[in-house]
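Notes to accompany the following structure.
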Amino acid sequence: MDHPLIDLINQKIKEAEDAGEFDNLEGAGRPLPKEEDPENALLNRLVKESGGVPEFVSLSRELSRLRAELRDTGDRARRQDIMKEMSMMEARIELARKSYR
């Protein structure tokens, strides 16, 4: 079953071709760059362009924040809670790194 908008999409492409909007595009005639993960190439590009980072990077940033909070906290109970969070965070970072590879 076709997408409900396929006719409109094809019409817009045809109009752009007729108007020459696909002529002289940058990189025309050259092969596309090699992709390490072709199935997820579009998703990876969108994440990169929007400033996204791998999960282990964002978790590492959170771990740094927890370390700073630990340094600044004098409350013994809160320090214990922070250390537990840090331990869990380190485990999550390791799992995220393994799944990223």
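Of all residue pairs spaced 6 or more apart or on separate chains, none has beta-carbon atoms under 6 Å together with a first member in the range 43-57 that is closer than 20 Å to K98 by Cα and a second member that is acidic (D, E) and outside any loop (DSSP other than H, G, I, E, B). Of the residues making up the range 68-79, those that are surrounded by fewer than 12 Cβ atoms within 10 Å (Cβ to Cβ) and assigned to a helix (DSSP H, G or I) are A68, R71, D72, R76, A77. Under the condition of being in contact with a helix residue (DSSP H, G or I) (Cβ under 8 Å, 6 or more places away or on another chain) and charged (D, E, K, R), the residues counted in the range 1-51 number 2. On inspection, S50 does not qualify as surrounded by 10 or more Cβ atoms within 10 Å (Cβ to Cβ) and under 21 Å from the mean Cα position of the chain (by Cα). In the range 21-35, is there at least one residue being modelled with pLDDT of 85 or more, surrounded by 10 or more Cβ atoms within 10 Å (Cβ to Cβ) and among the charged types (D, E, K, R)? Yes, that holds for at least one residue. Could you go through the range 18-33 and let me know if any residue there is in a helix (DSSP H, G or I), over 20 Å from K98 (Cα atoms) and not charged (D, E, K, R). So far as the range 18-33 goes, no, none of its residues is in a helix (DSSP H, G or I), over 20 Å from K98 (Cα atoms) and not charged (D, E, K, R).
The values are calculated or read from the model by the stated rules, or taken from the named source; none is laboratory data. Nothing here was measured: the structure is a model prediction, and the numbers come from that model. Note: ideal-geometry Cβ built from the backbone for every residue, glycine included; neighbour counts use all protein chains shown.
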